[in-house]
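Following: one structure in structure tokens, then a few remarks.
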Amino acid sequence: MKEIKVDLSDRSYPVLVGSDCLDHVEKYYPDSTKRVAIVTQKEIGVEIPSGKDYKIFEIETGEKAKSIETVIELCRSWVDWGLTRSDIVVGLGGGMVTDVAAFAASIYHRGLEVVNVPTTLLGMVDAAIGGKTGVNLPEGKNLIGTFWQPKAVVCDVDTLQTLPEREWKCGYGEVAKYHFLGADDMRGFGLIDTVLECVKVKTRVVAEDERETGKRAILNYGHTLAHALELENEFTLAHGEAVAVGIRYAAEVAFLLGRIREDRVAYHEEILNHYGLQMKLGKRINPERIISFFLRDKKSKNGITFVLDGDKGVEPVLVQEQNILEKALEVVQ
């Protein structure tokens with residue numbers, strides 16, 4: 001096991017990565033903790049050893065359950081159980097679970113401590129770390145949320161043993177992203193080292209820009225199109241699958257803008273192929289509708305903003321050439 005610190009002054013916390021970590025979750029509970037609310041889903045099938053009084057709160061699966069209604073139901077259940085500000089919430093599951101659990105914790109009694117225990121590769125390398133919480137609206141992904149840093153994140157890779165193949169691909173969509181954000185080449189790494197490398201990159205970025213006012217936007221590489229595709233397909237396209245397509249699309253936009261050369265585009269394809277990720281949707285999409293989703297993206301303060309590769313690395317770029325955005329869609333259809 002290895003512990004990496006997210007350095008945020010008085011809000012700093014550890015990320016524990018390794019095998020056989022679940023027994024260590026309880027050591028991160030505050031001394032005041034009397035009750036532990038464990039938010040999870042029925043099919044997760046993971047138990048956390050606890051000497052505290054605890055109760056399991058199951059939420060539904062799927063992006064449609066990632067809603068304010070789910071948060072309200074959780075909070076009302078916590079009131080009925082008697083959860084107080086001296087207690088703690090544990091998010092046990094994939095990125096959707098940790099997002100919802102932490103968001104509910106951040107607003108219940110104006111803020112409860114939370115420990116994230118991700119059980120998917122996507123959760124370990126991305127969603128559970130960094131303090132971004134949120135739920136969806138019909139109009140867009142993660143449009144309601146808070147910044148609420150956890151007390152700790154515990155990544156036990158043993159929980160990935162029963163992960164379906166599609167969930168592995170979802171995680172590798174995020175892993176591929178880190179190849180363009182300053183990570184070492186992870187293609188020869190084992191699982192624990194892959195998770196550690198992604199965590200190192202993410203914690204560095206979060207420590208520099210906790211509330212996404214600048215550099216942290218690079219963590220959204222590939223996500224602008226990904227979120228649009230998820231909405232367009234009513235969430236039948238998994239997040240990591242959409243991110244993979246979004247990464248290839250971002251490379252094409254950067255190429256058409258003259259920011260990168262063909263060899264760099266080829267490198268994007270090489271990385272995506274290594275992780276067995278699809279770069280094409282295999283069907284036509286409506287460019288006008290997709291571009292309308294781009295305008296709802298949180299980065300788009302003064303117009304459509306993409307995170308794009310270039311000579312200075314990956315960075316947010318205001319893209320005013322709508323014809324380029326439309327033309328780039330051709331390579332992913």
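The values are calculated or read from the model by the stated rules, or taken from the named source; none is laboratory data. The structure displayed is predicted, hence computed values, not measured ones. Cβ coordinates were reconstructed from backbone atoms using ideal geometry, including for glycine residues, and neighbour counts include every protein chain displayed.
Side notes on the structure shown:
- If you go through segment 182-204 and pick out every residue that is within 22 Å of A250 (Cα to Cα) and either under 15 Å from the mean Cα position of the chain (by Cα) or among the acidic types (D, E) (or both), you end up with 5.
- Residue selected from segment 13-41 under the condition over 22 Å from the mean Cα position of the chain (by Cα) and β-branched (V, I, T), by the criterion surrounded by the fewest Cβ atoms within 10 Å (Cβ to Cβ): T33
- Residues in segment 112-164 that are farther than 19 Å from K66 by Cβ and among the acidic types (D, E) were compared, and the one that is surrounded by the most Cβ atoms within 10 Å (Cβ to Cβ) is D156.
- Output for segment 165-174, where each listed residue is among the basic types (K, R) and surrounded by 24 or more Cβ atoms within 10 Å (Cβ to Cβ): none
- When I44 is tested against (1) in a loop (DSSP other than H, G, I, E, B); (2) without any contact (Cβ under 8 Å) to a residue 60 or more places away in the chain; (3) surrounded by 11 or more Cβ atoms within 10 Å (Cβ to Cβ); (4) not small (G, A, S), just one condition goes unmet, and that condition is (2).
- For segment 3-38, the set of residues classified as part of a loop (DSSP other than H, G, I, E, B) and either touching a Leu at 6+ places or on another chain (Cβ under 7 Å) or of a type in the set (A, V, I, L, M, F, W, C) (or both) consists of L8, C21, listed by residue number.
- Residue count for segment 282-298, restricted to those that are assigned to a loop (DSSP other than H, G, I, E, B) and surrounded by fewer than 18 Cβ atoms within 10 Å (Cβ to Cβ): 7.
- Checking each residue in segment 61-109 for being surrounded by fewer than 14 Cβ atoms within 10 Å (Cβ to Cβ), assigned to a loop (DSSP other than H, G, I, E, B) and without any contact (Cβ under 8 Å) to a residue 40 or more places away in the chain picks out only R85.
- Residue within segment 122-132 that is touching a strand residue (DSSP E or B) at 6+ places or on another chain (Cβ under 6 Å), part of a strand (DSSP E or B) and in contact (Cβ under 8 Å) with a residue 60 or more places away in the chain present: no
- Lone qualifier among V245, V307, V319, V314 - being buried (at least 16 other Cβ atoms within 10 Å of the Cβ), in contact (Cβ under 8 Å) with a residue 12 or more places away in the chain and farther than 22 Å from C170 by Cβ: V319
- All of S9, S50, S19 fail the test of being more than 25 Å from L196 (Cα to Cα) and either small (G, A, S) or not assigned by TED's automatic domain parsing to the domain that holds L83 (or both), apart from S50.
- Note on segment 291-333: residues that are closer than 20 Å to L237 by Cα, β-branched (V, I, T) and at pLDDT 95 or above total 2.
- Test: residue in segment 175-185 that is surrounded by 23 or more Cβ atoms within 10 Å (Cβ to Cβ) and small (G, A, S): yes
- Qualifying residue in segment 264-273 (condition: in contact with a strand residue (DSSP E or B) (Cβ under 8 Å, 6 or more places away or on another chain) and assigned by TED's automatic domain parsing to the domain that holds A226): no
- Which listed residue is farther than 22 Å from G93 by Cβ and in contact (Cβ under 8 Å) with a residue 12 or more places away in the chain, from A176, A238: A176
- Filter pass, G240 being within 21 Å of D184 (Cβ to Cβ), under 18 Å from the mean Cα position of the chain (by Cα) and either modelled with pLDDT under 95 or surrounded by fewer than 19 Cβ atoms within 10 Å (Cβ to Cβ) (or both): yes
- Scope segment 261-281; condition part of a loop (DSSP other than H, G, I, E, B) and either out of contact with any Lys or Arg (no Cβ under 7 Å at 6 or more places or on another chain) or in contact (Cβ under 8 Å) with a residue 60 or more places away in the chain (or both); matching residues: R261, Y275, G276, L277, Q278, K280, L281
- Some residue of segment 116-133 being at pLDDT 95 or above and closer than 17 Å to I72 by Cα: yes
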